[in-house]
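The values are calculated or read from the model by the stated rules, or taken from the named source; none is laboratory data. Model, not experiment: these values are computed from the prediction. In this analysis, Cβ positions are derived from the backbone assuming ideal geometry, glycine residues included, and neighbour counts consider all displayed protein chains.
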Amino acid sequence: ANYYNPLGSYAEPHMYVSNGDIVLSYSQMGLHQPAQEYHFFWDENSNWFGYKDYGIVQH
């Protein structure tokens, strides 16, 4: 699957775990840069992964 990266070609993808969610984040290098985030989680109802699009967030 392709997930939209609105920050352009200079944004690098990163994956990490936060509060039990797997997070796909596109961000640029530097302090306090915006990042596009998708959070993946286990959905008990569908017995498969679901995801939330957090949009552009500031860290």
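Remarks
- Under the condition of being under 14 Å from His59 (Cβ atoms) and not aromatic (Phe, Trp, Tyr), the residues counted in the range 13-38 number 15.
- For the range 1-24, a residue qualifies if it is assigned to a loop (DSSP other than H, G, I, E, B) and free of Cβ contacts under 8 Å to residues at least 12 places away in the same chain, and the qualifying residues are Ala1, Asn2, Gly8, Ser9, Asn19.
- Residues (within 13 Å of Pro6 (Cβ to Cβ) and not aliphatic (A, V, I, L, M)) located in the range 34-55: Pro34, Gln36, Glu37, Tyr38, Asp53, Tyr54, Gly55
- On inspection, Tyr54 fails the criterion of being modelled with pLDDT under 90, surrounded by 11 or more Cβ atoms within 10 Å (Cβ to Cβ), within 12 Å of the chain's Cα centre (by Cα) and among the aromatic types (Phe, Trp, Tyr).
- Cβ pairs under 9 Å, 6+ apart, first in the range 25-41 and surrounded by fewer than 17 Cβ atoms within 10 Å (Cβ to Cβ) and modelled with pLDDT of 90 or more, second in a loop (DSSP other than H, G, I, E, B) and not aliphatic (A, V, I, L, M): Phe41/Gly20
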